1. Calculated FRET efficiency, Asn12 and Glu148, Cβ-Cβ r, R0 25 Å, to nearest 0.05?
2. List, in the order given, every pair from Lys9/Lys93; Lys45/Lys84; Lys93/Lys157; Lys9/Lys147 whose Cα-Cα distance in the structure shown is over 24 Å.
3. Ordered by packing density, taken as the mean number of other Cβ atoms within 10 Å over each peptide's residues, highest first, how do 182-189, 86-93 rank?
4. Using alpha-carbon pairs under 8 Å, 6+ residues apart, how would you state the relative contact order of region 11-192 in percent?
5. Which value in nm describes the separation of the simple spin-label points at Val21 and Val117, placed 7 Å from the Cα toward the beta carbon?
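No value in this document is a laboratory result; all are computed from the given coordinates. This one's a predicted model, so the numbers in the text were calculated from it and none came from an experiment. In this analysis, Cβ positions are derived from the backbone assuming ideal geometry, glycine residues included, and neighbour counts consider all displayed protein chains.
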Amino acid sequence: MKKIKNRKKFWNFAEAEEERVLYISGEIIDGEDEDEEDDDGEKIKSTADIFREELYSGKGNISVWINSPGGDMVTGAQIYNLIKDYKGKITVKIDGLAASAASVIAMAGDEVLMSPVSQLMIHNPFSCTIGDSNEMKRAADMLNEVKESIINAYELKTHLSRAKIARMMDDESWMNAYKAVNLGFADGILFSDDKQRMESTDEFMFSRESAISAVKNRVKKRIKNTEQEAKIPAEPLYKRLNLLCK
């Protein structure tokens, strides 16, 4: 039997002056194998067990820096739960990429901040299955349930509708920092005073909506005047206007 001394870790804890720092980098690997033993014949601890021990080896607030393409969803879910249950404040800082399972871990933060050059990506879970049609159906049902559990984490953070989140996952949605903030996946932007930027974005969206409304009202008024002069029934033109302005 092959014996392994240590698991490959995709995280690292460091001590800072005022808080603990956790770096999550690289692929989130499973690490679950009942047959693996160390040189003394003892079963090697799972990834989640090792992470739990290191997480609770200290106290205080933690900054979690994430740059990961994702990986195993079960391991990601375990780390999400452990971080979510931690008593200190968790500030997630995405400095590169938080994709797939890593994006789920990011949702565990009390506050989620993104670098202006970072990305967050969400998509449907996938797996490999071998077997007959019944096995394929079971795999599809399993993936649908996994998707629902992932949506739970996104919904809890963003308060978006489950239907909207599901569509975003279907489309494999990539979000830059400002889009992630606007949609609720993140709370702010690192290295900048993003409050003014967010306010200006909201103002732009309001002004755009107001402009569209003003144009529609102006066109409606002109159509009404034209109809009165030409004595044309109004309903077909209004229907046409609504169709054009949708």
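1. Values: r = 32 Å, r/R0 = 1.28.
Calculated value: 0.20.
2. Numbers: Lys9/Lys93 19 Å; Lys45/Lys84 21 Å; Lys93/Lys157 15 Å; Lys9/Lys147 26 Å.
Over 24 Å Cα-Cα: Lys9/Lys147.
3. Numbers: 182-189: 19.5, 86-93: 17.1.
My ranking of the peptides, most packed first, is 182-189, 86-93.
4. 18 percent
5. Here the answer is 1.8 nm between the modelled labels.
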